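**Q** I have a structure I would like to understand better, so I am pasting it below and will then ask my questions one at a time.
The values are calculated or read from the model by the stated rules, or taken from the named source; none is laboratory data. From a predicted model like this one, the values you see are computed outputs, not experimental measurements. Ideal geometry is used to build each Cβ from the backbone, glycine not excepted, and the neighbour counts take in all protein chains shown. Note: areas computed on protein heavy atoms with side chains; ligands, DNA, RNA excluded. Shrake-Rupley method; radii C 1.70, N 1.55, O 1.52, S 1.80 Å.
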Amino acid sequence: MKKIIFPIVAVAVLLAAVSCNPSKKYEEDERSLIEGFVATHNITVEPDANGLYYIEVTPGTGEKIEEGDSIGVYYVGKFLDGTEFDGNMEEDTPFRFRLGTVGLIEGWNIGLKNMQAGTKAQLLIPSKLAYGTMGYGYYDYYGRYITVIPGYTPLFFEIEIVDLVKAVK
């Protein structure tokens, strides 16, 4: 009898744990938030296979950006409620990096490959292509953790490519 009850209890506990998975709620909330943003802002493009929305505002010229290319951008990052969390629009020099650099969020790695020098575009990035379930933050001088971007947070970026140096092949 013990040999039969233990597997049944173990399966019941496992099912209860899976059905109470809070990540499902967060994923549904995020999906709803993105759908509401798309509807409110009349976004007519479809997301790509990764869930990224690429909205071209001004087309650029020349070759498309590829991994390894050096890029200079002006950008602003916002939460879907419009709150700005990062950007360099007011600075004199653009943010420079190589596409594919470690630490660059995957949504940028994917979205920037649609762009050329001079392109202005918007990226609506689901959390799985940004800071995921954990979000992003840092520890201050006193050891307190400061959350900048909560987990399961989709992000909206406005990006302008102001400089592009193709990688040497």
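**Q** Measure of size requested: the Rg and Dmax of the chain, with Cα atoms as the atom set and Å as the unit; please supply both.
**A** 20.6, 76
**Q** Over the alpha carbons of the range 36-120, what is the largest minus smallest coordinate on each principal axis, giving the biggest first in Å?
**A** Principal extents (Cα only, largest first): 35, 28, 26 Å.
**Q** Sticking with this one: Taking Cα pairs under 8 Å and at least six residues apart, what relative contact order does the range 125-164 come out at, in percent?
**A** Values: 52 pairs, mean separation 17.5, N = 40.
So the answer I get is 44 percent.
**Q** For the range 95-169, what does the convex hull of the Cα positions come to per residue, in cubic angstrom?
**A** Considering the Cα atoms of the range 95-169, their hull volume per residue is 117 Å³.
**Q** Moving on to the next point. ³J(HN,Hα) across the range 128-141 via Karplus (A = 6.51, B = -1.76, C = 1.60, θ = phi - 60°), whole Hz, x for Gly/Pro?
**A** 3J(HN,Hα) across the range 128-141, in whole Hz: 5, 9, 10, 10, x, 6, 8, x, 9, x, 7, 9, 7, 4.
**Q** Leaving ligands, DNA and RNA out of it, rank ASP92, ASP81, ASP69, ASP86 by accessible area with a 1.4 Å probe, largest first. Mind dumping the intermediate values first?
**A** Values: ASP92 145, ASP81 120, ASP69 0, ASP86 70 Å².
If we order ASP92, ASP81, ASP69, ASP86 from most to least accessible, we get ASP92, ASP81, ASP86, ASP69.
**Q** A further question follows. For a protection proxy built on the mean count of beta-carbon atoms within 10 angstrom, sort 51-58, 26-33 highest first, please. Kindly include the intermediate steps, with their values, before the conclusion.
**A** Working: 51-58: 16.4, 26-33: 14.4.
By packing density, highest mean first, the sequence is 51-58, 26-33.
**Q** Report the GluC sites (Glu not before Pro) located in the range 70-169 that are in a DSSP loop and have at most 11 other Cβ atoms inside 10 Å of their Cβ, or state none.
**A** Working: sites: GLU84, GLU90, GLU91, GLU106, GLU158, GLU160; in loops: GLU90, GLU91.
Those satisfying the criteria are GLU90, GLU91.
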